[in-house]
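The values are calculated or read from the model by the stated rules, or taken from the named source; none is laboratory data. No experiment lies behind these values; they were computed from the predicted model shown. Here Cβ is always computed from backbone atoms with ideal geometry, including for glycine, and neighbour counts include all displayed protein chains. Only protein heavy atoms, including side chains, enter the accessible area calculation; ligands, DNA and RNA are left aside. Shrake-Rupley method; radii C 1.70, N 1.55, O 1.52, S 1.80 Å.
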There are 2 protein chains.
Amino acid sequence: MDAIHAFEHLPHKTIERLSQYRRALLICLEEGKSHIFSHEIARIQHITPVQVRRDLMLIGYSGTLRKGYNIEQLIELIGEIIDSEEMIKVAVMGLGDLGHAILNYFNGKRSKLSIVAGFDVNPKKIGTVFNGVPCYPVEQIQEIINRENISIGIITVPAKQAPVTAGRLIKAGIKGILNYTPTPIQVPEDVYLEEYDMITTLEKLAFYVKLANDKNKL
Amino acid sequence: MDAIHAFEHLPHKTIERLSQYRRALLICLEEGKSHIFSHEIARIQHITPVQVRRDLMLIGYSGTLRKGYNIEQLIELIGEIIDSEEMIKVAVMGLGDLGHAILNYFNGKRSKLSIVAGFDVNPKKIGTVFNGVPCYPVEQIQEIINRENISIGIITVPAKQAPVTAGRLIKAGIKGILNYTPTPIQVPEDVYLEEYDMITTLEKLAFYVKLANDKNKL
DNA sequence: GTAAGTTTGTTAAAAAGTTAACAACGCAAA
DNA sequence: TTTGCGTTGTTAACTTTTTAACAAACTTAC
């Protein structure tokens with residue numbers, strides 16, 4: 001009980017990294033490894049070994065001296081912290097290229113997180129099934145979200161339609177929204193929002209590439 | 001000269017936000033507005049007005065008291081800071097759904113950043129043109145990157161192929177890589193890397209939705 | 001023309017996140 | 001043995017980022 005409460009206060013960045021650690025660990029497990037050192041995890045994630053050890057300290061996991069961390073146990077523990085007990089269900093709004101891309105990458109790999117519905121305005125897509133996910137008309141959003149008990153919506157519609165799509169999700173009682181479009185949206189306080197915009201990242205990258213270039217010119 | 005040097009030391013987060021401010025400002029300009037208050041920008045980006053003012057202070061832009069910031073001027077200034085003088089050219093590795101999605105969202109809107117080539121292994125795609133971007137076979141990567149003077153590569157291939165794709169880009173002399181796959185890659189020191197993974201964000205969102213749920217249950 | 005209200009620009013404080021430092025431990029080699 | 005090395009766990013220092021506080025300046029209302 002006390003331990004559960006502690007996880008509430010994990011730093012946001014640690015939560016992100018735990019998800020990443022787990023992904024890396026799953027790959028290592030596949031490769032037949034049973035233990036891993038902090039510096040190995042660190043190298044994969046482009047961070048320092050200290051940071052890895054600190055994160056693991058925060059979640060109360062102990063490794064073995066000179067042997068590293070037990071991969072299987074660590075995956076298990078990370079799951080206990082970041083996964084939900086019940087399945088968390090997700091809807092994708094807009095089954096264009098980006099929606100499809102997400103379904104592809106996601107592809108039933110997460111055990112406690114599952115995309116169960118897609119919505120689109122294109123009549124040709126309605127009724128089709130892509131990667132096991134059926135496509136519904138947006139008008140049915142309220143009905144499907146209630147029926148399937150969907151708590152997260154991913155917005156992958158064209159940028160201009162992001163706000164109205166967000167509005168629909170909010171009205172339907174969604175708990176969290178992941179917005180992949182470059183158009184920022186507004187949500188009420190009780191909806192958790194994650195804006196995840198591709199263009200910002202690219203422009204930032206371009207800035208630092210330019211900077212490096214300019215330095216080399218001197 | 002001195003002013004240019006100062007921009008080198010802008011906080012990373014400020015660079016990100018400048019890109020976002022500009023995007024929001026462009027929309028406001030389209031809507032016919034000429035000035036904007038810090039709290040308006042803040043609201044759009046889900047941050048505080050202080051943060052906006054602080055960022056603008058750092059880039060040395062002054063607004064008008066009780067009138068706000070001149071949108072056109074501010075867009076101009078942000079461009080001077082984050083854009084490169086010459087066009088920065090970008091290649092997309094993998095023209096699947098995600099590659100297409102990026103081309104769609106990007107779509108020639110950035111004036112100083114341009115996607116000029118796509119690469120794929122699928123023979124059916126080679127030679128086609130999507131959104132004005134021609135698709136080449138990966139074997140020609142070195143040739144095209146040299147010829148077009150491409151400095152940034154975006155990786156949108158299937159996750160398993162991310163590392164080998166990164167290797168090809170690096171060998172071809174790329175300066176910056178944006179990796180959209182969930183598989184982390186390794187780059188030498190002089191290549192700027194941005195990992196931009198969709199699954200981490202979704203898992204983080206799920207965690208905070210779960211947390212909110214658990215709290216409500218009590 | 002004076003008071004009240006807004007908004008900017010800036011400095012200072014606080015919070016969040018990262019890195020450094022190092023004790024503790026245990027294995028391996030001499 | 002005992003010495004040296006590699007690794008963990010943890011505290012403390014540092015850096016980055018955000019937030020608070022407030023003076024200055026302009027506008028409007030009275």
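See the values below:
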| item | result |
| --- | --- |
| Single match in B:I47, B:I27, B:I41, B:I15 (criterion: touching a helix residue (DSSP H, G or I) at 6+ places or on another chain (Cβ under 9 Å), within 19 Å of A:T200 (Cα to Cα), within 11 Å of chain A (Cβ to nearest Cβ) and within 9 Å of DNA strand C (Cβ to nearest atom)) | B:I41 |
| Top-ranked residue of the stretch B:68-80 - restricted to ones that are within 15 Å of DNA strand D (Cβ to nearest atom) and open to solvent by less than 30 Å² (accessible area, probe 1.4 Å), ranked as nearest to A:L205 (Cα to Cα) | B:Y69 |
| Where B:Y61 falls short, out of the listed (1) at the interface with chain A (Cβ under 8 Å from one of its Cβ atoms); (2) open to solvent by 30 Å² or more (accessible area, probe 1.4 Å) | (1) |
| Meets criteria (β-branched (V, I, T), surrounded by 15 or more Cβ atoms within 10 Å (Cβ to Cβ), part of a helix (DSSP H, G or I) and free of Cβ contacts under 8 Å to residues at least 60 places away in the same chain) for A:I170 | yes |
| Residues satisfying the stated conditions in the stretch A:194-210, i.e. facing chain B (nearest Cβ under 7 Å) and either open to solvent by 30 Å² or more (accessible area, probe 1.4 Å) or not in a helix (DSSP H, G or I) (or both) | A:E194, A:Y196 |
| Unmet requirement for B:Q142, which otherwise passes all of (1) in contact with a strand residue (DSSP E or B) (Cβ under 9 Å, 6 or more places away or on another chain); (2) over 30 Å from B:L10 (Cβ atoms) | (1) |
| A:L113 vs. criteria modelled with pLDDT of 95 or more and open to solvent by less than 30 Å² (accessible area, probe 1.4 Å) | no |
| Residues (small (G, A, S) and either more than 12 Å from DNA strand D (Cβ to nearest atom) or at pLDDT below 95 (or both)) located in the stretch B:33-61 | B:S34, B:G60 |
| Residue that is surrounded by 21 or more Cβ atoms within 10 Å (Cβ to Cβ) and among the charged types (D, E, K, R), where the choices are B:D55, B:D83 | B:D55 |
| Tally, over the stretch B:54-75, of residues that are more than 8 Å from DNA strand C (Cβ to nearest atom) and without any contact (Cβ under 8 Å) to a residue 24 or more places away in the chain | 1 |
| Enumeration of residues in the stretch B:108-131 that are more than 14 Å from chain A (Cβ to nearest Cβ) and of a type in the set (V, I, T) | B:V121, B:I126, B:T128, B:V129 |
| Output for the stretch B:55-111, where each listed residue is in a loop (DSSP other than H, G, I, E, B) and either within 16 Å of the chain's Cα centre (by Cα) or within 17 Å of B:S151 (Cβ to Cβ) (or both) | B:D83, B:S84, B:E85, B:E86, B:M87, B:N107, B:G108, B:K109, B:R110, B:S111 |
| Meets criteria (more than 14 Å from chain B (Cβ to nearest Cβ) and touching a helix residue (DSSP H, G or I) at 6+ places or on another chain (Cβ under 9 Å)) for A:G96 | no |
| Of the criteria (1) in the same structural domain as A:Y180 (by TED's automatic domain parsing); (2) near DNA strand D (Cβ under 10 Å from one of its atoms), which one A:L65 fails | (1) |
| Selection count where residues are free of Cβ contacts under 8 Å to residues at least 24 places away in the same chain and farther than 20 Å from A:A159 by Cβ, scope the stretch B:20-53 | 6 |
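The rows are residues; the columns are (1) more than 25 Å from B:F106 (Cβ to Cβ); (2) part of a helix (DSSP H, G or I); (3) not assigned by TED's automatic domain parsing to the domain that holds B:I78.
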position	(1), (2), (3)
B:E16	no, yes, no
B:S19	no, yes, no
B:R23	no, yes, no
B:G32	yes, no, no
B:H39	yes, yes, no
B:I47	no, no, no
B:Q51	yes, yes, no
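Table: residues versus (1) more than 11 Å from every other protein chain (Cβ to nearest Cβ); (2) crowded, with 18+ Cβ neighbours inside 10 Å; (3) farther than 23 Å from A:E203 by Cβ.
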| position | (1), (2), (3) |
| --- | --- |
| B:F106 | no, yes, no |
| B:V133 | yes, yes, no |
| B:Q142 | yes, no, yes |
| B:T156 | no, yes, no |
| B:V164 | yes, no, yes |
| B:N179 | no, yes, no |
| B:D190 | no, no, no |
| B:K215 | no, no, yes |
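Conditions (1) of a type in the set (D, E); (2) under 30 Å from B:K217 (Cα atoms); (3) out of contact with any helix residue (DSSP H, G or I) (no Cβ under 7 Å at 6 or more places or on another chain), marked per residue:
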{"position": "A:E31", "(1), (2), (3)": "yes, no, yes"}
{"position": "A:L56", "(1), (2), (3)": "no, yes, yes"}
{"position": "A:I59", "(1), (2), (3)": "no, yes, no"}
{"position": "A:E85", "(1), (2), (3)": "yes, yes, yes"}
{"position": "A:K89", "(1), (2), (3)": "no, yes, no"}
